[in-house]
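Encoded as structure tokens, the structure appears first; notes follow it.
Where a number appears in this text, it was derived from the coordinates with a stated rule and is not lab data. A quick note: this is a predicted structure, and the numbers were derived from the prediction, not measured. Quick reminder, even Gly has a Cβ in these numbers, built from the backbone with ideal geometry, and neighbours come from all protein chains shown.
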Amino acid sequence: MCGLCGMLDDGRRWLDAATLDRAALRRERMLRLAIVRRVLAASRVTVDDFEGTRFVLRSPTGATEIVDNLFDLWGRAEKLGKRRIDPLELPG
Amino acid sequence: MIPLHMLTGFLGSGKTTLLNRILRDPAWADSAVLINEIGAVSIDHHLVDRIESGDELDVVVLKGGCTCCALRGDLVAGLRELYRRRAEGLVPPFGRVVLETTGLADPAPVLFTLAADPALRHKFARGVVVATFDAMHGLAQLARHPEARKQIAVADRIVLTKTDLEGADTRALCAAVRRINPAAAVLDTQDAATPAGLLEPGVALSTGFHAEARPDHSEDIASVAILLDRPLAWAPFSVWLSLLLHAHGEKMLRHKALLDVAGWTGPVALDAIHHLVYPPRHLDSWPAGPRRSRLVFIAQGLRVERIEPSLRAFLAGEYAWQELSAVQ
């Protein structure tokens, strides 16, 4: 693994850093989850919150995966949905 | 946390000369220096006169050349060794580290190494990335060498060197580097009151942002600058950015932003290199000018003109937070 790939598992704390108190963090998380659901709709992959810390992904065939964060989520969702997700190609 | 500043720049662009000047500043007497070179012969560190005449233990020479993985291992070992010596009192308790990279080095893996190593990330903080740019040969180097373009693309500050020589066209040099990196501050080494000030922390984006920057398709590195007049919602923005970096992080050399986030009075500064996003910093006040979000993306091999429509669609289209707030 090269230096670039090695960093794929890092740099995540920023996602929660813009909000500080617990209630605000939860609201942001739920909002984020709703947005992710819309992004994944075309892939027919569903996503749910898992104990407020992780996400559960389900493929159209029922395969399930638990991921720790958004960075892991996108890669796993692409595999489960067999479809690449590119924000530069999403419909507006 | 000890800041680690990186001094990069193409071969012969004046890195060591600048480093010497910086180290002569009494305020920077407590600096440790790391030098990364190609090959096993450590030439450059003999030129760092302050170190030669002072405590040689302050210098750890990295011999990894410019292969990113080798450099990474050497950097980890070098920094751990420096920290150990400091902790054991074998070297003075230095307050900062300056890393001078080889002229062919890609700065990004160094920054990744610093953030990824479980021991180093709690001891050293990323400082400022400064790239030297040769007024006489820089334009030709930019045209011929992708390494030179990448060093300029990743830098926080770009220092024009040898501008006192006849024929140096400072305006053309500034334009050339800003086409690659509109977010960096460009400084003339002749104008700097104190060379050490070049490495002082600051928000480069507040002074170095150039909204007139446009993608330059003649270059493999292109940048786009985006201005948003309305406060942006953090949730859709963070989802969008995580998705953008997931899909195109390898091509994204640098992303910098000063954001007007809904619900916050002060600006939020964001800084990313490839997939690595540093924790946002909450700043106390806005720079001069209208209060609005400013974002710069510098990428290699990516059609950067597609970034702004994508972001605007995400913030205002079917992913808009106002519509989705009903789910709470």
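If you count, for every residue in B:276-283, the Cβ atoms of partner chains within 10 Å of its Cβ, what is the mean?
5
Would you grab the residues whose amide H sits under 5 Å from the one on B:Gly9? Only those 5+ places off in sequence or on another chain, please, with H modelled 1.01 Å from N.
Distant-sequence amide H within range of B:Gly9: B:Thr132.
Among A:Leu40, B:Leu11, B:Leu187, A:Leu73, what is the fewest-to-most ranking by other Cβ atoms within 10 Å? Each step should come with its number before you reach the end.
On the way: A:Leu40 21, B:Leu11 15, B:Leu187 18, A:Leu73 24.
Ascending Cβ contact count within 10 Å gives the list B:Leu11, B:Leu187, A:Leu40, A:Leu73.
When averaged across all projection directions, what area in nm² does the alpha-carbon convex hull of the stretch A:12-81 cover? Could the numbers behind the result be given before it?
Working: hull surface 17.4 nm².
The number I arrive at for the stretch A:12-81 is 4.3 nm².
Can you compute the charge dipole magnitude of the stretch B:221-327 about its Cα centre, using +1 on each Lys and Arg Cβ and -1 on each Asp and Glu Cβ, nothing else charged? Give it in debye, rounded to the nearest 20.
240
So for A:Glu28, A:Glu51, B:Glu81, fewest C-beta neighbours within 10 Å to most, what's the order?
Ranked by crowding around the Cβ, least crowded first: A:Glu51, B:Glu81, A:Glu28.
Report D for the stretch B:221-327 in µm² per second (integer): Stokes-Einstein, Kirkwood Rh on Cα pairs, 25 °C, 0.890 mPa s.
Translational D for this selection: 172 µm²/s.
What is the set of long-range amide H partners of A:Phe50 at a cut-off below 5 Å, with H atoms built 1.01 Å from backbone N?
For A:Phe50, the qualifying residues are A:Phe55, A:Val56.
³J(HN,Hα) across the stretch A:30-36 via Karplus (A = 6.51, B = -1.76, C = 1.60, θ = phi - 60°), whole Hz, x for Gly/Pro?
Using θ = phi - 60°, the values come out as 5, 5, 4, 4, 5, 5, 4 Hz.
Taking amide H atoms as placed 1.01 Å from N in the peptide plane, list the residues 5 or more away in sequence, or in a different chain, whose amide H sits under 5 Å from that of B:Arg96.
So B:Arg96 has HN proximity to B:Ala32.
Please order B:Arg24, A:Arg76 by the number of other Cβ within 10 Å, starting at the fewest.
Ranking B:Arg24, A:Arg76 by Cβ neighbours within 10 Å, fewest first, gives B:Arg24, A:Arg76.
Anything over 22 Å Cα to Cα? Flag those among B:Lys150/B:Lys256; B:Lys162/B:Lys251; B:Lys15/B:Lys150; B:Lys15/B:Lys162, in the order listed.
Flagged as over cut-off: B:Lys162/B:Lys251.
Compute the distance from the alpha-carbon center of the stretch B:164-187 to that of the stretch A:38-68, in whole Å.
Value for the Cα centre distance between the two parts: 48 Å.
Show me, for the stretch B:224-236, the HN-Hα J-couplings you get by feeding each phi into the Karplus relation (A = 6.51, B = -1.76, C = 1.60, θ = phi - 60°), rounded to Hz, glycine and proline as x.
9, 10, 10, 10, 10, 7, 9, x, 9, 7, 5, 4, x
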